[in-house]
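Below is one structure, written out as structure tokens, with a few remarks after it.
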Amino acid sequence: MRIRPSTIEELPVLQDIERAAGLCFRDIGMDEIADDEPLSLEELGTYQRAGRAWVAVNGDDRAVAYLITDPVDGNMHIEQVSVHPASARRGLGRALIEHAAGRAAAEGAGALTLTTFVDVAWNAPYYAARCGFRTLGEDELTPGLREIRRSEAVHGLDRWPRVCMRRELGS
């Protein structure tokens with residue numbers, strides 16, 4: 001497994017990864033999440049051109065997982081991390097997060113942040129137990145994180161409990 005920047009040509013593959021990864025939400029009664037469309041090619045292209053989209057590739061250099069980030073309040077915010085189910089449970093998501101942590105630290109960011117579902121085993125519990133994130137209290141949310149949560153609520157994601165999480169980066 002290797003991590004590299006995404007190419008513009010493989011953006012449709014990222015959409016395919018997102019669609020396939022989302023299907024597992026159907027198994028836990030979150031059909032609306034499973035049916036949610038991935039970001040458009042235009043939106044993914046914005047991440048790719050800004051150097052904020054990375055892929056984990058197999059031996060054939062085909063993307064099987066990806067991660068995209070946004071700068072939010074001086075930190076690196078993980079907007080999306082998805083692993084194709086055929087490549088799941090091999091540490092690819094965690095490797096992408098570690099890659100992002102290294103990039104964020106090199107760029108002078110103080111932390112990685114993300115928003116996620118509280119009660120989904122491969123979301124908040126996983127990020128806390130395996131990736132070093134902690135749940136933020138309401139009083140710890142930065143203006144940018146509050147705006148992200150507002151946007152998620154408008155999109156209907158608050159139907160299920162969600163939290164903001166943070167992983168401090170070493171100096």
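The values are calculated or read from the model by the stated rules, or taken from the named source; none is laboratory data. Note that this is a predicted model, so its numbers are computed, not measured. All Cβ positions, even for glycine, are placed from backbone atoms using ideal geometry, and neighbour counts span all protein chains on display. Surface accessibility is based on the protein's heavy atoms, side chains included, excluding ligands, DNA and RNA. Shrake-Rupley method; radii C 1.70, N 1.55, O 1.52, S 1.80 Å.
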Report summary line: Every listed condition ((1) acidic (Asp, Glu); (2) open to solvent by less than 30 Å² (accessible area, probe 1.4 Å); (3) without any contact (Cβ under 8 Å) to a residue 24 or more places away in the chain) holds for GLU37 save (2)
Query raised in the report: If the Cβ limit is 8 Å and pairs must be 6+ apart or interchain, which residue in the range 120-132 that is surrounded by fewer than 17 Cβ atoms within 10 Å (Cβ to Cβ) pairs with which residue that is basic (Lys, Arg) and part of a helix (DSSP H, G or I)?
Result: ARG130/ARG94
Report summary line: Restricted to the range 77-109 and to residues being open to solvent by less than 30 Å² (accessible area, probe 1.4 Å) and part of a loop (DSSP other than H, G, I, E, B), the residue modelled with the lowest pLDDT is GLY91
Requested in this report: Scan the range 10-30 and give yes if some residue there is closer than 15 Å to TYR66 by Cβ, of a type outside the set (Phe, Trp, Tyr), in contact (Cβ under 8 Å) with a residue 40 or more places away in the chain and not in a helix (DSSP H, G or I), otherwise no.
Outcome: no
Query raised in the report: Quick one: what pairs do we get from the range 149-171, first residue within 30 Å of GLY108 (Cα to Cα) and in a strand (DSSP E or B), second among the basic types (Lys, Arg) and open to solvent by 70 Å² or more (accessible area, probe 1.4 Å), C-beta under 8 Å, 6+ apart or different chains?
Result: MET165/ARG134; ARG166/ARG134; ARG167/ARG134
